[in-house]
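Structure first, commentary second.
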C-alpha cells in the first residue's frame, strides 16, 4: 500500500521567489531564462503571471532562484533581453497557507508532495494537466476534491475546506471569543472651578486739564449688587478699607450688605476648596 505524505524543504533547499515587472507578454519564458543564465544568476524557473479570472497575461514574471548570495543579487537587476526600466520586488503575502498543486491540500508545496495526484477541476484520480476537461463546460460544473461538492473547483477561496484570510483585528491563532473588553474607567468627581484671586487695582485719580469743564458732583451711593461666584477677591476687599474711615450717615446698611455678600462669597470658595481637597485625597488613596 502506498502511503501519501509530504515533507518540507530544509533551510539550504529553500528557494528565492521574486516578481519582475515590466517584461512584455510577447517575450517567452525561455528567452528570459536564457538571458538570466547568461548574466550568471542561479535561475531555476520562470513563470508568466496571468489574471486569475480572465487568464490574460500580465507584464510580470515570477522568478525562482537559489536562496544564496548570488540569487539575492536579482534585486539589482537592470536589464532582461536588452529591456530596462524593470522593477524587482518580493511576491505579496496572501496571509493564508499555500495550496499544493498535486494533491490540492493546503500547507505544503507540490515539490515536496508524495501523495496521489488530484485534479483541481474534477473528482478524478489524476493530475490537473492530465484532465480531459481542457475548456470550461457550462453543462458540466467543476467539482471540488476537498468538500467534495459540485459548483466550484478545488482552488476556490470560498470553499468551506479552504483557509480564510484573518481579519485585521483577529490575527491567526487568537480566539475572538476569549478576548475580554477593556475595563471601564473609574468614575471621577469633576473638579469645580476655583476663582483665581487678583490683586486689587490701584485707584489713580485722573489728571485734570487746564481747559476742562468743571465736573459734576458725584451721585449718592447705590446699594451693591448681589455677589457673583467668579468675582475676584480684590473687589470684595475694598469694603474693608472703609472701616477705617469716619462713619457717614446712611452707610451702615450699605457696609453691612457688603460684608454679608463677601462672607457668602468666601463660604462658596471654601466649599470649592474642600471639594478639591477631597478629590485629591481620593486619588492618592486609589494609587498603588
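The values are calculated or read from the model by the stated rules, or taken from the named source; none is laboratory data. Model, not experiment: these values are computed from the prediction. Here the Cβ positions follow ideal geometry from the backbone for every residue, glycine too, while neighbour counts run over all protein chains shown.
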Of (1) at pLDDT below 95; (2) in a helix (DSSP H, G or I), residue 36 satisfies every one except (1)
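Results for (1) over 18 Å from residue 93 (Cβ atoms); (2) loosely packed, with under 14 Cβ neighbours inside 10 Å; (3) in contact with a helix residue (DSSP H, G or I) (Cβ under 7 Å, 6 or more places away or on another chain), shown as yes or no for each residue.
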residue	(1), (2), (3)
18	no, no, yes
32	yes, no, no
45	yes, yes, no
59	yes, no, no
63	no, no, yes
Condition set touching a helix residue (DSSP H, G or I) at 6+ places or on another chain (Cβ under 6 Å) and crowded, with 17+ Cβ neighbours inside 10 Å, scope the range 65-115, selection nearest to residue 32 (Cα to Cα): answer is 80
When restricted to 72, 40, the only residue under 33 Å from the mean Cα position of the chain (by Cα) and farther than 30 Å from residue 156 by Cα is 72
So, first residue under 17 Å from residue 62 (Cα atoms) in the range 77-102, second residue modelled with pLDDT of 90 or more and exposed (fewer than 10 other Cβ atoms within 10 Å of the Cβ), Cβ within less than 7 Å, six or more apart or across chains; the pairs are 78/84
Residue in the range 22-30 that is assigned to a helix (DSSP H, G or I) and crowded, with 17+ Cβ neighbours inside 10 Å present
no
Checked against (1) under 30 Å from residue 145 (Cα atoms); (2) modelled with pLDDT of 90 or more; (3) not assigned by TED's automatic domain parsing to the domain that holds residue 134, residue 4 satisfies every condition except (2)
Within the range 59-114, the count of residues that are in a loop (DSSP other than H, G, I, E, B) and touching a strand residue (DSSP E or B) at 6+ places or on another chain (Cβ under 9 Å) comes to 19
Only unsatisfied item for residue 43, checking (1) out of contact with any strand residue (DSSP E or B) (no Cβ under 8 Å at 6 or more places or on another chain); (2) free of Cβ contacts under 8 Å to residues at least 40 places away in the same chain, is (1)
